[in-house]
1. Could you list, in sequence order, all residues of the range A:182-200 that are buried (at least 17 other Cβ atoms within 10 Å of the Cβ) and at pLDDT 90 or above?
2. Go through the range B:105-121 and give me each residue that's touching a residue at least 24 places away in the same chain (Cβ under 8 Å) and within 21 Å of B:Arg76 (Cα to Cα).
3. Working only within the range B:80-95, note down all residues that are touching a residue at least 60 places away in the same chain (Cβ under 8 Å) and more than 7 Å from chain A (Cβ to nearest Cβ).
4. Taking the range A:11-26, which residues are crowded, with 16+ Cβ neighbours inside 10 Å and either free of Cβ contacts under 8 Å to residues at least 24 places away in the same chain or more than 19 Å from B:Ala109 (Cβ to Cβ) (or both)?
5. When the residues of the range A:201-222 are narrowed to those that are more than 16 Å from the chain's Cα centre (by Cα) and of a type in the set (Phe, Trp, Tyr), which ends up modelled with the highest pLDDT?
6. Which of the numbered conditions does B:Ala165 fail, given that it passes all the others? Conditions: (1) within 25 Å of B:Arg99 (Cα to Cα); (2) without any contact (Cβ under 8 Å) to a residue 40 or more places away in the chain.
7. Residues to consider are A:Leu171, A:Leu156; find the one that is surrounded by 21 or more Cβ atoms within 10 Å (Cβ to Cβ) and not small (Gly, Ala, Ser).
8. Mind checking which residues of the range B:96-136 are within 14 Å of chain A (Cβ to nearest Cβ) and part of a loop (DSSP other than H, G, I, E, B)?
Amino acid sequence: MWRDAALVAGKDLRVEARSRVAINQVVPFALLVLVVFAFALDSDRDTLTRVGPGLFWVTVLFSGLLAIQRSFVIEASDDARDALRLSGLDGAGIFLGKALAVAVQLVALEAVLTVGVVVLYNVRLHDPLLLVLTALATTVGLAAAGTVYGIIAAGLRVRDTLLPLLVLPVLAPALLASARACEAALTGAPGDGWPWVRLLFVFATIYVTFGVVAFGPLLEEA
Amino acid sequence: MTLAVRLRSAVSLLGRFPALAGVDLDVAEGEVVLVQGANGAGKTTLLRACAGLAAFASGEAEVLGHDLRRDRKAVRRRIGLLGHATFLYDDLTVADNLRFAARAAGASAASADEAMTALGLDGRLREVAVAKLSAGQRRRAAVAVIVARRPDLWLLDEPHAGLDAAGRDLLDALVRGAATRGATVVLASHELDRAAAIASRTVTMAGGQVIGGLLARPAPTMEPVHVA
């Protein structure tokens, strides 16, 4: 399973490295969203600083959706999904590989957006451990849940528009938890953030487990 | 005689439509069988079902000793399917695609290099993205994936389509070479003269059933291309 996961993750990341869709489209889109929010709320700098964590994770979520969609678009071209089925790779391995590739892209995106939030929103970073664990749990949960719903939508003609409708309500609790945890870290009250981080790890564990078990059958039906 | 494919009253549904409506077919190991028939006869579905991509709804279906009614995944690693699509990733290079397919099938990266050489995808072409290849080169790359995977059962759907004369000759030689090494080949084609020349037997499909076949005959001799 782990060998298959590494193989699929390597393939997906190689596709992104060669196509440069993430660099040329997803990252600029994410930065654009941050800038638009900065312009919209610029008259009230305090508000911008206060809502910064929420805006950061909303931006990650919207941009992450593009990365998740992209992860399944590459399997749709020229019936590559059939090739994935025929490859004999383990379904759980394929899930872990695709989720890992999405997660790696999200981590890179979050790093860029963190710089953007600090510069544009005048946010000061405190309690790095809480922030890093929040980002880790949210990234894993987002990548796992997105990959599960990505394969559900993959076989449908309306997949491009359906995926956000499926994923956004599911990820809303994670979005809320990550925003609250980051807010606690940035306001110097980390004690308020740890319960949210625990919730995020539970969310991530549920979707990783569900994906490992269900992705193979879902791939067959896609 | 060991059978690579054994189907009895096999039914496969596309939605509610029986694309295979009770197929009976035996293919012995090492045979090269041509499946002919009009459009919509069920040739493509037969190949996809034998590859484990389409489910059998009823009947008996054994491929390479695996009961596909019970588990249609286990056999896939031993099968090479050339479909209408190339099954390649457009953004990856030819070499990337072949190495991924070979490693996924448990073959070595070296087998991917040998397959590219065998199919004439040498030098600069290896590092070209599949999206930038001509249709014929993409078809060669798709055949190279099968060669790299070293399958026990080759399922070829219109294998000559899109290939130039040299490519067709090369494909024919590869098919003969695979059969010589003990692999089984089932190919569906409308180019009957060309395909019949490499087949040891021809079966005819109509309405989702096998309605007739010719007796086995030895394939004409031709120097096969050996892939180490």
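The values are calculated or read from the model by the stated rules, or taken from the named source; none is laboratory data. If you're wondering where the values come from, they're calculated on a predicted model, not measured in any experiment. Virtual Cβ from ideal backbone geometry, glycine too; neighbours counted across all protein chains shown.
1. Here is the first cut: in the range A:182-200, the residues buried (at least 17 other Cβ atoms within 10 Å of the Cβ) are A:182-186, A:190, A:193, A:196-197, A:199-200.
Those that are buried (at least 17 other Cβ atoms within 10 Å of the Cβ) and at pLDDT 90 or above: A:Trp196, A:Val197, A:Leu199, A:Leu200.
2. Those that are touching a residue at least 24 places away in the same chain (Cβ under 8 Å) and within 21 Å of B:Arg76 (Cα to Cα): B:Ala105, B:Gly106, B:Ala107, B:Ser111, B:Ala112, B:Ala115.
3. Within the range B:80-95, B:Gly80, B:Leu82, B:His84 meet the criteria.
4. The initial filter retains those residues of the range A:11-26 that are crowded, with 16+ Cβ neighbours inside 10 Å, namely A:11-16, A:18-19, A:21-22, A:26.
Residues satisfying the conditions are A:Arg14, A:Glu16, A:Arg18, A:Ser19, A:Val21, A:Ala22, A:Val26.
5. A:Phe210
6. Single failed check for B:Ala165: (1).
7. Details: A:Leu156 fails: surrounded by 21 or more Cβ atoms within 10 Å (Cβ to Cβ).
One residue alone meets the criteria, A:Leu171.
8. B:Ala105, B:Gly106, B:Ala107, B:Ser108, B:Val128, B:Leu133
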